[in-house]
Amino acid sequence: MSNLEVLFSPVTIGTTELKNRILSTAHQTNHVHDGIPTSAMTAYHEARAKGGVGLIILEAAAVHPSGMLTTHTIAGYDERVISAYRRIADTVHRYQTRVFSQLFHGGREVASSTYRNAAWAPSAVPSLRFSVMPRPMSVSNIHDVIQGFALSARLAKEAGLDGVEICCSHGYLPAQFWSEHVNQRTDQYGGSFENRMRFIVEVCQAVWASVGEDFTVGIRMSADEKTMDGTTVADAVKIVEYLVEQVHLDFINVTAGDSSTYSGSTHIVPPSPIEHAYVASDGFRVRMAGAVPVFVGSRIVDPVEADRIVATGQADVVGMTRALIVDPNMPNKAQRGEMRSVNYCIGCLQACIGHYHRDLPIGCVQNPVAGKEEELERKLSERPRQGRRVVVVGAGPAGLKAALTAAERGEDVTLIEEQPRIGGLLTLMRRAPMRQELADTMLDNFARNLDRVQIDLKLGQRASVDSVRQLKPDLIIVATGATPYRPRIPGIDDPRVFDVDDVFTRSDAMGDRVIVMDLFGDWSGVEAAIFMARLGKNVTLYTARLYIAETVHQYLRNEYLKALYAVGVAMHAHYDMGSLVGDVLTIRNLFTYEPVALREWDSVVLAMGRVPRTHLSEVLGGVGVPVVSIGDCLAPRTLEEATFEGLSSVL
Ligand SMILES: Cc1cc2nc3c(=O)[nH]c(=O)nc-3n(C[C@H](O)[C@H](O)[C@H](O)COP(=O)(O)O)c2cc1C
Ligand code: SF4
């Protein structure tokens, strides 16, 4: 048993008894068809309920057709939602997990949809991030939306959910009304503080009137929007003090961030290396101001930390959303004291919010089953053929995932790695200034999992046809990764030209004036530039993309840009490398084709992607058993494909 007694103590929120303090906050799964949750959403939440979470708040459900954020937003106002919600409620209740819905209206925040509906907002003040100019709401529009909140709450109750959370966070509609900057109305819903608060007060009153007292109702808010012209913690305290005087609230769920600006949006789903639990102290200030139970989340990944947050009175319930995406069984493991078997979130954003922004169903870089429970849990439960021998070559993320999955299924596994340590590309990433936590945590997850299973791990050994044949495999999995790409252009082999892999190990060999040529807009060129600038070098970054870090998730890109500006890296988009002749490095504008000659430099760093190592998979074909290539040696892509192929290669 663990000693996380506070985290695993029950608590009553409104009329809802929670068995523990762990919360999965609202997050879109994109498992919504025509406004209605699909069975894949039920399976997704069942996995987390089975794993022990105390409370699930379902993803944002629009309370009115004008409030849809994307095509995949739940239509919370549509009666058809009742049966889908009932299926989810019945399923998670079997595990004593409680479930709320989130009542949502995006206001001027309309992200994407096949038909982009006209955005409604208090006033015609644009949202910069989604380039939306909204239509000011008439008083009759306001009343319709308030009725939508009331109707959606009633449908949630009829479906058997335990409560609702009114979404006032991240600069969505209620926050747009209370913001002095966004709300420029001159009627009873604008102007004075009381007038700007009228909308949320009337929403809460209408919701209570429609659900009665035997239901749980609270709000979610960003204590600090962390954006220019946004609300601060001091504003939040004032808002909470006023609101709890006007209406009853069973809880306040405290978060951070604002959807309408690039830098504010980072805090909707903060990436690493943003500090763990950085919103918890704001939770405490709101708890003191409102004297109602407070939930707090954002980068809380460790149950020990969650226990401390509750024990020190910063919050009553702790949001651990991505922690549960990565490891749905985290609560049960933590309660049993099996901390070494918990897999921790790395804050990469790639497949959770990254998928959402690409309109794909939710996934997870570390847990390829997340979002695919219906399909993959069944496959994983099918017993593998008895006594199969699996040989995996390469202990990077793809090979490790394959070896671990096969071993967990009881197969006889040998893992061969030519380096003296596991990790592959992760060992490079851990030297990159802003990827260090990500790589360290992922490696640590892998290492602890390796300790739990039976794998014959051969480090520092180069696999050959003979050595693999001697192991008498039934299946060979090749995960040998990739090497840096160098385009065949004049001067490319000049000793002043380095690959990005060299930056973190051979920075002494580089001169003071460094040019980074980036081809793919991924993490590597940016990290190299930041690394060298922090060493005091004069760095210029050229990217062949439309903008810097184009292929990195937008929230992480914000952090990269902040860091690049802070260390004074000069940045230019739309250039690739043409040639290097003598001291003249010629770059080319990708649109005008104009060459530009650069003479003021000492070293050039190439961040140009990687080339698959295909040789071994070709020769291992001679062993006479199936050979499957996975990860970068199949084709260089990202961590997500590596772990997914690792898992699927052995199923
Ligand atoms: C895929 C995804 C979708 C999200 N959708 C919502 C949402 O519908 N409503 C909301 O209030 N927050 C949403 N969030 C934010 C989460 O509720 C949570 O605040 C965020 O993930 C940070 O907490 P964590 O570090 O525990 O993951 C979403 C997060 C993710 C990862
Ligand atoms: S995709 Fe990355 S950030 Fe998202 S839950 Fe998985 S590990 Fe965490």
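The values are calculated or read from the model by the stated rules, or taken from the named source; none is laboratory data. This is a predicted model, so every value here is computed, not measured. Please note: Cβ atoms are built from the backbone with ideal geometry, for glycine as well, and neighbour counts cover all protein chains shown. Accessible surface areas use protein heavy atoms only, side chains included; no ligands, DNA or RNA. Shrake-Rupley method; radii C 1.70, N 1.55, O 1.52, S 1.80 Å.
Assorted remarks:
- Rough spin-label spacing in nm, given labels placed 7 Å along Cα→Cβ, for Gln386 and Asp451: 3.3
- The ellipsoid equivalent to the alpha-carbon distribution of the stretch 223-333 has semi-axes of 23, 19, 11 angstrom, derived from the gyration tensor eigenvalues as √(5λ) and listed largest first.
- Calculated over the stretch 314-385, the projected area of the Cα convex hull averaged across directions stands at 7.0 nm².
- The stretch 486-608 shape via C-alpha gyration tensor axes, a/c threshold 1.5: oblate
- Only Lys, Arg, Asp and Glu carry charge here, each on its Cβ (+1 for the first two, -1 for the last two); on that basis the chain has a dipole of about 920 debye about its Cα centre.
- Residues listed by number, the stretch 509-533, amide nitrogen under 13 Å from Ile489 label point at 7 Å toward C-beta: 516-520
- Computed from Cα atoms, the angle from the helix 280-290 axis to the main principal axis of the chain rounds to 0 degrees.
- Computed across the chain, the Kirkwood radius stands at 26.4 Å (inverse of mean 1/r, all Cα pairs).
- The long axis of helix 193-211 is offset from the longest Cα principal axis of the chain by roughly 80 degrees.
- Under 24 Å from Lys472, Cα to Cα: lysines that are on another chain or at least 8 residues apart: Lys401, Lys458
- Helical contribution to [θ] at 222 nm, DSSP H n ≥ 4, -39,500 (n - 2.57), averaged over the chain, rounded to 500: -10000 deg cm²/dmol
- Mean projection of the Cα convex hull over all viewing directions, computed for the stretch 11-375: 15.6 nm².
- Looking at the stretch 315-386, the accessible area is 40 square angstrom per residue; that uses a 1.4 Å probe and ignores ligands, DNA and RNA.
- Candidates per GluC sites (Glu not before Pro) in the stretch 216-300, loop by DSSP, up to 13 other Cβ within 10 Å: Glu275
- Where chymotrypsin sites (Phe, Trp or Tyr not before Pro) fall in DSSP loop in the stretch 259-296, at most 16 other Cβ within 10 Å: Tyr278
- Computed from Cα atoms alone, the Kirkwood hydrodynamic radius reported for the stretch 140-277 is 15.6 Å.
- DSSP beta bridges fully contained in the chain are about 20 percent antiparallel.
- Once the Cβ-Cβ distance of Arg336 and Glu79 is raised to the sixth power relative to R0 = 35 Å, the FRET efficiency obtained is 0.25.
- Restricting attention to the stretch 486-608, close to 35% of DSSP beta bridges with both partner residues there are antiparallel.
- Per atom type, the chain shows carbon and sulfur on 50% of its accessible surface, probed at 1.4 Å.
- Of the trypsin sites (Lys or Arg not before Pro) in the stretch 93-140, those whose Cβ has at most 11 other Cβ within 10 Å and which sit in DSSP loop: Arg94
- In this rough spin-label picture, where each label sits 7 Å from Cα along the Cβ direction, the Asp187-Lys472 distance is 8.3 nm.
- Rounded, prolate or oblate (a/c below 1.5 giving rounded, otherwise prolate when a/b exceeds b/c) for the stretch 270-323 by Cα gyration tensor: prolate
- The residues of the stretch 545-650 have, on average, 46 Å² of accessible surface per residue, using a 1.4 Å probe with all protein chains present.
- For the stretch 274-360: rounded, prolate or oblate by the Cα gyration tensor [a/c cutoff 1.5]: oblate
- Dipole of the stretch 16-86, positive end: most advanced residue of Tyr44, His64, Val81 [Cβ charges, Cα centre]: Tyr44
- Computed from Cα positions, the angle between helix 397-408 and the longest principal axis of the chain comes to roughly 80 degrees.
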